[in-house]
Amino acid sequence: MSSRCALHALVLLLSSLLAACNVALGPGYTVVKQEYAVQWTGTDQLLVKATYRVKNTGKVPLDYLDVTLPPEPRRSGLHVWFAETAVTPQAADEFVSAGTVRIPINPALPLKEKMVLAVEYSLAGRVGDPGASPSFYLEPQRGDSGWHPLLRERKGSFGAGGAPPEKWDLRITVPRGFLVHASGDPKGRKRRGEMVEYHFRQRLDSDSTPFVVAGRYHEWRSRAHGLDVYFWSPEAAQEADAERLGARLAATAAHYESTFGPRLPRSRDIWLVRIPVPTNPPDPRPKMGPAGKPPAFPDGIFVPYTGFEKLLGVPEECLADWYLAHVWLELVASPDRSAGDIFDALSSYMAESLPHGCGYAMAARALRTNPDRSALISTQLRAYLRGFPPGRSAKANLPEFVEMSLRTRLFMVALEDRLGRDRLNAALRRMLQSLRGETWSTNDLRVAIQLETGEDPAEFFRQWLNQPGIPEEFRKKYEQQASGSR
């Protein structure tokens with residue numbers, strides 16, 4: 001073995017030993033204890049405070065920590081303390097994530113010593129009117145963007161640190177009369193004047209992306225298909241409607257779980273939370289959360305109760321089916337950038353394939369056509385071809401989001417025709433469950449299909465997703481079906 005190879009092997013050995021023992025050979029620290037606190041302020045701003053007890057477990061004094069914060073202008077009024085002494089954050093170097101600040105430690109924290117770090121700021125996290133229907137939602141952390149601070153690994157040779165402890169606390173302070181649901185195990189609540197503090201214990205294996213839903217809601221509870229369903233609405237609802245929606249959502253969740261795998265390792269309950277939206281929204285699509293996806297949390301969904309469903313004449317339960325599909329695709333394993341074009345098509349496919357669901361009725365009502373599958377697909381194909389006339393690769397007048405939606409929906413039709421529903425569902429389950437807590441891409445779907453069927457669909461994917469137009473065989477099939485149905 002050459003000296004260069006021997007040196008490379010030694011470096012690999014040291015790196016593996018370091019990972020196994022969790023001991024820093026350079027600058028590093030361990031988060032011994034942490035707590036997140038959220039407080040309602042009566043305005044559209046929440047008060048968020050994170051407290052960490054850190055220990056220098058590196059081989060050199062600890063002279064700074066990097067912390068990634070929610071982006072401005074969502075966040076304001078940042079305050080930082082080390083050992084109860086105010087500290088002025090500095091700009092981090094250019095090689096760390098956007099939104100990261102550097103917190104200097106002066107004097108540097110000696111080896112094996114501990115110190116308390118506190119970070120506090122105001123945060124926009126509201127989904128309801130503070131006056132008429134006060135409520136807020138703090139979403140699960142995805143990547144480097146979320147509502148709570150994210151400690152970073154120390155830079156430098158063999159730097160380490162930033163990982164949360166095995167357990168930590170989340171405390172939420174809201175006015176009396178609020179309902180609160182959050183990640184973790186409920187550990188009780190305390191009355192503090194006109195406010196109430198709720199305590200939830202978080203666990204690293206299941207709550208690494210904590211969330212909070214809270215507001216002045218009316219609550220109904222029902223049980224069906226082995227699931228407890230909590231229905232929250234800012235306005236009083238008919239008990240029969242709540243029971244109907246609860247039973248429907250439980251059936252949908254039970255089907256998704258049996259077909260595509262579980263949502264969470266510990267939770268069996270599910271929440272349906274109505275949120276207010278404008279009666280006449282300027283955008284005909286449903287009001288979304290970050291990255292254009294419906295707002296959701298790992299054991300429930302938000303469904304707008306005015307506006308979108310009335311605009312399209314779509315029943316609320318059809319929206320619930322579709323939104324809940326997003327929970328599996330977004331929060332079991334989230335899509336990366338390459339999967340953006342196919343995300344909505346996959347969730348629509350999941351909702352449309354429900355044995356008790358709306359079938360193709362939701363899309364059919366939007367297009368004002370027959371809900372029969374072949375007729376609907378032919379209608380969607382004609383709509384696409386009107387935007388892309390034969391012989392033209394550039395669109396004529398089709399809006400971008402409509403073109404993307406139609407094309408990826410037609411791709412899912414072709415994929416279902418090719419594989420059959422059972423094998424396609426099995427491939428989706430394989431992808432989601434093997435990548436739990438991670439991200440999935442279009443290529444992950446292709447690989448899952450190959451593992452499930454033994455055949456590589458790479459050429460099929462390229463033909464549909466990387467080339468302009470609709471494949472000739474598919475176009476002719478559904479154009480003929482359309483002409484035969486007249």
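The values are calculated or read from the model by the stated rules, or taken from the named source; none is laboratory data. All figures in this text were calculated on a predicted structure; none of them were measured in a lab. Please note: Cβ atoms are built from the backbone with ideal geometry, for glycine as well, and neighbour counts cover all protein chains shown.
Quick look at the values:
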| item | result |
| --- | --- |
| Whichever residue in the range 127-141 is more than 17 Å from the chain's Cα centre (by Cα) and not small (Gly, Ala, Ser) and, among such residues, is modelled with the highest pLDDT | 134 |
| Residues of the range 160-217 that turn out to be farther than 21 Å from residue 125 by Cβ, under 20 Å from the mean Cα position of the chain (by Cα) and outside any strand (DSSP E or B), as a count | 3 |
| Boolean, residue 15 is at pLDDT below 95, within 19 Å of residue 121 (Cβ to Cβ) and exposed (fewer than 15 other Cβ atoms within 10 Å of the Cβ) | no |
| Number of the condition not met by residue 144 [criteria: (1) in contact with a strand residue (DSSP E or B) (Cβ under 6 Å, 6 or more places away or on another chain); (2) modelled with pLDDT of 95 or more] | (2) |
| Within the range 429-451, considering residues that are assigned to a helix (DSSP H, G or I) and charged (D, E, K, R), the one surrounded by the most Cβ atoms within 10 Å (Cβ to Cβ) | 444 |
| Residue identified as of a type in the set (Gly, Ala, Ser), at pLDDT below 90 and surrounded by fewer than 16 Cβ atoms within 10 Å (Cβ to Cβ) among 156, 177, 193 | 156 |
| Any chance residue 473 is assigned to a helix (DSSP H, G or I), farther than 26 Å from residue 376 by Cβ, at pLDDT 80 or above and not hydroxyl-bearing (Ser, Thr, Tyr) | no |
| Cβ-Cβ under 8 Å pairs, at least 6 apart or on other chains, the range 462-477 side over 19 Å from residue 446 (Cβ atoms) and assigned by TED's automatic domain parsing to the domain that holds residue 441, far side in a helix (DSSP H, G or I) and among the aliphatic types (A, V, I, L, M) | 470/381; 470/385; 470/410; 475/381; 475/385 |
| Residues located in the range 93-124, provided they are free of Cβ contacts under 8 Å to residues at least 40 places away in the same chain and part of a loop (DSSP other than H, G, I, E, B) | 94 |
| Helices (runs of 4 or more DSSP H) fully within the range 274-375 counting 1 or more residues that are within 21 Å of residue 251 (Cα to Cα) and modelled with pLDDT of 80 or more | 316-326, 340-352 |
